[in-house]
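Asker: For reference, the structure I am asking about is given below.
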Amino acid sequence: MTESRDWPLYEVFIRARGGLDHKHVGSLHAVDARMAIEHARDLYTRRQEGISIWVVRSEEIVASDPADADAFFEPARDKVYRHPTFYDIPDEVKTL
Amino acid sequence: MDTAALEERFQARIDADERIEPKDWMPDGYRRALIRQMAQHAHSEIVGMLPEGNWITRAPTLKRKAILMAKVQDEGGHGAYLYGATETLGVTRAALIEELLAGSAKYSSIFNYPTPTWADIGAIGWLVDGAAIMNQIPLCRCSYGPYARAMVRICKEESFHQRQGYDIMLALARGTEAQRRMAQGALDRWWWPALMMFGPPDAESKHSAQSMRWKVKRFTNDELRERFIEFTVPQAEYLGLSIPQGTIDWNEFHEVLRGNGPCNRERLEARRRAHQNGGWVREAALAYAEKHRSGYREAVQ
């Protein structure tokens with residue numbers, strides 16, 4: 001009864017409506033990409049939640065390291081001048 | 001950083017209502033507790049397909065049959081979401097399923113009760129899915145991200161399950177005297193097991209305190225049980241059915257958990273048979289994929 005091998009893991013991304021990005025919704029096991037897309041349809045769009053599906057082997061995802069997040073994202077922290085609200089514009093000046 | 005400092009920082013993140021993600025540092029105890037709870041939850045969804053699957057071929061109308069198939073398919077989907085979320089903690093689905101089939105993993109005791117009449121399908125949707133929703137809504141805010149996100153998806157779907165159950169009960173309650181009696185019989189059978197779904201009384205619940213500290217659990221067993229009763233009693237009144245009088249038989253609860261419920265052996269046997277009979281399909285699909293590796297990509301281009 002022991003399972004010899006589990007099917008590979010895929011991450012699933014779904015575009016809910018035209019004009020929106022594909023968004024990660026979860027994962028599933030499938031033998032290949034074609035089965036992954038068919039299973040993703042059955043698993044994640046039973047109620048018309050999508051019009052397009054991407055799948056990618058989970059092992060192909062490369063991620064930043066959460067343990068380094070502080071240092072890694074630090075460079076943006078002191079650059080508030082990148083936001084429009086940093087600048088005080090007199091009320092008299094319109095459409096700016 | 002040493003373990004004590006890491007644990008302190010972890011608890012601070014939990015206290016600040018941050019979500020923990022798969023690659024974040026977490027205490028071993030947190031990981032183990034989540035694997036245990038999430039795997040039990042996944043197993044419950046899968047075993048939960050059996051009592052209702054029993055009635056698919058005998059549903060009274062084509063409409064009811066289509067609805068029941070959709071519901072049972074949802075349960076399978078919920079199992080898949082939850083196995084997937086559990087795998088983010090570093091276990092494999094294959095290993096979890098092996099534990100279920102070997103009888104060493106638990107699943108909700110509710111699914112070890114039989115479904116002798118069509119009204120039982122109504123009572124399961126109304127009461128069992130109703131109790132599940134009560135347990136699951138707070139889990140949408142659970143501290144572990146993948147579990148919380150799976151629960152959001154599941155809760156959206158559960159509401160249909162509960163309403164279709166109540167709809168079955170409503171039809172029976174408005175039907176003939178025999179149908180009304182059938183509905184009452186199902187309520188009598190499922191009331192106590194549904195109340196047991198919230199787990200042992202708070203004083204005896206060994207995992208509760210730690211689980212609340214980690215914000216995996218947000219309300220105690222008794223709090224959720226009370227709320228469920230409060231919501232359900234008027235719904236029974238509307239149906240013209242009476243809630244059984246008495247108290248929960250905790251001895252029965254422990255016996256069912258120990259494997260001595262009315263259907264424990266049958267349920268596991270059905271799962272083992274299905275897994276064994278599907279073995280050649282899993283093997284063949286994998287062999288086919290290996291033989292035609294990248295074939296799909298070429299085919300669609």
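The values are calculated or read from the model by the stated rules, or taken from the named source; none is laboratory data. Owing to the predicted nature of the structure, the values given are computational and were not obtained by experimental measurement. Please note: Cβ atoms are built from the backbone with ideal geometry, for glycine as well, and neighbour counts cover all protein chains shown. Side chains included, ligands, DNA and RNA excluded: accessible areas come from the protein's heavy atoms. Shrake-Rupley method; radii C 1.70, N 1.55, O 1.52, S 1.80 Å.
Asker: Per residue of B:63-72, count partner chain C-beta atoms within 10 Å of its C-beta, then hand back the mean as an integer. Spell out each step's value before the answer.
Answerer: Numbers: counts 0, 0, 0, 0, 0, 0, 0, 2, 0, 0.
Mean shielding count: 0.
Asker: State the Cα centre-to-centre distance between the range B:57-73 and the range A:68-94 in whole Å.
Answerer: That distance is 57 Å.
Asker: Give the interface area between chains A and B as buried accessible surface, both sides summed, probe 1.4 Å, in Å² to the nearest 100.
Answerer: Values: alone 8440 and 15830 Å², together 21830 Å².
Roughly 2400 Å² of accessible surface disappears when A and B pair.
Asker: Return the long-range amide H neighbours of B:I20 (sequence gap of 5 or more, or a different chain), with a cut-off of under 5 Å between placed amide H atoms.
Answerer: Here the answer is B:Y144, B:G145, since their amide H atoms fall under 5 Å of that of B:I20.
Asker: Could you tally the net charge around B:P51, taking each other residue with its Cβ under 11 Å from the Cβ of B:P51, Lys/Arg +1 and Asp/Glu -1? If you can, show how the numbers build up before the last one.
Answerer: Details: positive: B:R267; negative: B:E52, B:E75, B:D120, B:E266.
It works out to a net charge of -3.
Asker: Here is a further query. Taking each residue in A:62-70, count the Cβ atoms of any other chain within 10 Å of its Cβ, then average. What number comes out?
Answerer: The shielding value for this peptide is 2.
Asker: Would you give the gap between the C-alpha center of the range B:87-152 and the C-alpha center of the range B:1-39, rounded to a whole Å?
Answerer: 23 Å
Asker: Another question about this same structure. Heavy atoms of the protein only, probe of 1.4 Å, neighbouring chains included. What is the accessible area of B:V91 in Å², nearest 10?
Answerer: In the full protein context, B:V91 sits at about 40 Å².
Asker: Diagonalise the Cα gyration tensor of the range B:20-144 and give the resulting equivalent ellipsoid semi-axes, square root of 5 times each eigenvalue, largest first, whole Å. Walk me through the numbers on the way to the answer.
Answerer: Values: eigenvalues 182, 45, 31 Å².
Semi-axes from the Cα gyration tensor: 30, 15, 13 Å.
Asker: Compute the Cα gyration tensor for chain B, then decide on rounded, prolate or oblate, letting a ≥ b ≥ c be the square roots of its eigenvalues: rounded whenever a/c is under 1.5, prolate when a/b is larger than b/c in the other cases, and oblate in all that remain. Walk me through the intermediate numbers first.
Answerer: Details: a/c = 1.88, a/b = 1.20, b/c = 1.56.
The shape class here is oblate.
Asker: Please list the non-local residues whose amide H lies under 5 Å from the amide H of A:V56, H modeled 1.01 Å from N, same-chain partners needing a gap of 5 or more.
Answerer: Amide H to amide H, under 5 Å and 5 or more residues apart or across chains, A:V56 pairs with A:E11.
Asker: Give the long-range amide H neighbours of A:G26: residues separated by 5 or more places, or on another chain, with amide H under 5 Å away, using H modelled in the peptide plane at 1.01 Å from N.
Answerer: A:V12
Asker: Could you sort out which of B:K106/B:K217; B:K156/B:K215; B:K156/B:K217; B:K156/B:K206; B:K23/B:K71; B:K63/B:K106 sit more than 26 Å apart by Cα distance in this structure? Intermediate results must be reported in sequence, preceding the final value.
Answerer: Details: B:K106/B:K217 18 Å; B:K156/B:K215 21 Å; B:K156/B:K217 19 Å; B:K156/B:K206 30 Å; B:K23/B:K71 34 Å; B:K63/B:K106 34 Å.
In this structure, B:K156/B:K206; B:K23/B:K71; B:K63/B:K106 lie more than 26 Å apart at Cα.
Asker: Let me confirm one metric for peptide B:283-290, namely the mean number of other chain beta-carbon atoms within 10 Å of its residues' beta-carbons. Walk me through the intermediate numbers first.
Answerer: On the way: counts 2, 1, 5, 8, 1, 3, 8, 2.
Average per residue, whole number: 4.
Asker: Farthest toward the dipole's positive end in the range B:193-238, which of B:F228, B:A203, B:V216, given Cβ charges of +1 (Lys, Arg) and -1 (Asp, Glu) about the Cα centre?
Answerer: B:V216
Asker: A further question follows. Could you work out the relative contact order of chain B, using alpha carbon pairs under 8 angstrom and six or more residues apart, expressed as a whole percent? Spell out each step's value before the answer.
Answerer: Values: 310 pairs, mean separation 59.5, N = 301.
Across chain B, relative contact order equals 20 percent.
Asker: From the C-alpha gyration tensor of chain A, pull out the three semi-axes of the equivalent ellipsoid (sqrt of 5λ each), sorted largest to smallest, in whole Å. Each step should come with its number before you reach the end.
Answerer: Details: eigenvalues 358, 97, 13 Å².
Value: 42, 22, 8 Å, ordered largest first.
Asker: Then there's this: Per residue of the range B:158-163, what does 6.51 cos²θ - 1.76 cosθ + 1.60 with θ = phi - 60° give for ³J(HN,Hα)? Whole Hz please, x for Gly and Pro, Karplus curve as stated.
Answerer: After applying 6.51 cos²θ - 1.76 cosθ + 1.60, I find 5, 4, 4, 4, 5, 5 Hz.
Asker: With the crude spin-label approximation of a point 7 Å out along Cα→Cβ, what separation in nm comes out for A:V56 versus A:Y87?
Answerer: About 3.5 nm, to one decimal.
Asker: In whole percent, what relative contact order does chain A give with Cα contacts below 8 Å and a gap of six or more residues? Please list the in-between numbers first.
Answerer: Values: 96 pairs, mean separation 25.0, N = 96.
Result for chain A is 26 percent.
Asker: Using θ = phi - 60° and the Karplus relation 6.51 cos²θ - 1.76 cosθ + 1.60, list the HN-Hα couplings for the range B:137-146 in order, rounded to whole Hz, with x at every Gly or Pro.
Answerer: These are the phi-based 3J(HN,Hα) values: 4, x, 5, 5, 10, 5, 5, 8, x, x Hz.
Asker: Okay, moving on. On a full-extension model of 0.36 nm per residue, what is the gain between B:A66 and B:R9, subtracting their alpha-carbon distance, rounded to one decimal in nm?
Answerer: Working: separation 57, 0.36 × 57 = 20.52 nm, distance 5.02 nm.
The B:A66-B:R9 span can extend by a further 15.5 nm.
Asker: Tabulate in residue order the Karplus-calculated ³J(HN,Hα) for the range B:233-250, using 6.51 cos²θ - 1.76 cosθ + 1.60 with θ = phi - 60°, rounded to whole Hz; enter x for Gly and Pro.
Answerer: For the range B:233-250, the Karplus-derived couplings read 4, x, 5, 5, 4, 4, 6, x, 9, 9, 6, x, 8, x, 9, 5, 8, 5 Hz, x marking Gly and Pro.
Asker: Roughly how many nanometres apart are two label points built 7 Å out from the Cα toward the Cβ at B:D222 and B:H254?
Answerer: If labels sit at B:D222 and B:H254, their model points lie 1.8 nm apart.
Asker: Check the straight Cα-Cα distances from B:K291 and name the lysines below 25 Å, setting aside those fewer than 8 residues away within the same chain.
Answerer: none
Asker: Summing +1 for each Lys or Arg and -1 for each Asp or Glu, what net charge is found among the other residues whose Cβ lies under 13 Å from the Cβ of B:K65? Display every interim value, and only then the final one.
Answerer: On the way: positive: B:R58, B:K63, B:R64, B:K71; negative: B:E52.
Surrounding charge for B:K65 is +3.
Asker: Divide by every residue of chain B the summed helix terms, -39500 (n - 2.57) for each DSSP H run of at least 4, and state the resulting mean residue ellipticity at 222 nm, rounded to the nearest 500 deg cm²/dmol. Show your work: numbers first, answer last.
Answerer: On the way: 15 runs with 201 residues, N = 301.
Only helices count here, giving -21500 deg cm²/dmol.
Asker: What dipole magnitude, in Debye to the nearest 20, does the range A:4-86 give about its Cα centre under +1 on Lys/Arg Cβ and -1 on Asp/Glu Cβ? Walk me through the numbers before you get to the answer.
Answerer: On the way: 12 positive and 14 negative charges, 110 e Å.
Computed charge dipole of the range A:4-86: roughly 520 debye.
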